[in-house]
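Engineer: Have a look at this one.
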Amino acid sequence: MPGNELMRRIHNTGAHPFRMPALLAKDDREQWLLGTAVEAKAALKQYPQDCMWTYEVSTRVNSPKTMTLP
């Protein structure tokens, strides 16, 4: 998805900059899961930034070296 203003500040590099994950509103879940392809695609809307918050995490979260096996 194209990023909202909040997420554009975070996802701003790489092959697909200024993006964000597709987040479905509760009211759009059934349309996404049970609708036609056209209806499902229509459920993909930019999630409102006032319903989101962010906080900084270490770059270690992206490293497979920091993963531990159970």
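Values in this text are rule-based calculations from the coordinates and carry no lab data. The model shown is predicted, which means the values in this text are computed figures rather than measured ones. We place every Cβ from the backbone using ideal geometry, glycine too, and count neighbours over all the protein chains shown.
Engineer: Considering each residue of the range 4-42, count those that are in contact with a strand residue (DSSP E or B) (Cβ under 8 Å, 6 or more places away or on another chain) and touching a residue at least 24 places away in the same chain (Cβ under 8 Å), and give that number.
Structural biologist: Going through the range 4-42 one residue at a time, the tally reaches 2.
Engineer: Pull up the range 37-70, narrow it to residues that are within 20 Å of residue 1 (Cβ to Cβ) and of a type in the set (Val, Ile, Thr), then point me to the one that is surrounded by the most Cβ atoms within 10 Å (Cβ to Cβ).
Structural biologist: Only one residue fits best here, namely 54.
Engineer: Specify the residue that is farthest from residue 3 (Cα to Cα); the eligible residues are those in the range 22-36 that are surrounded by 10 or more Cβ atoms within 10 Å (Cβ to Cβ) and of a type outside the set (D, E, K, R). Steps first, please.
Structural biologist: Of the residues in the range 22-36, the ones surrounded by 10 or more Cβ atoms within 10 Å (Cβ to Cβ) are 22-25, 28-33, 35.
Applying the additional criterion that residues be of a type outside the set (D, E, K, R) yields 22-25, 31-33, 35.
Numbers: 22: 9, 23: 11, 24: 14, 25: 16, 31: 22, 32: 20, 33: 23, 35: 24 Å.
Here the residue is 35.
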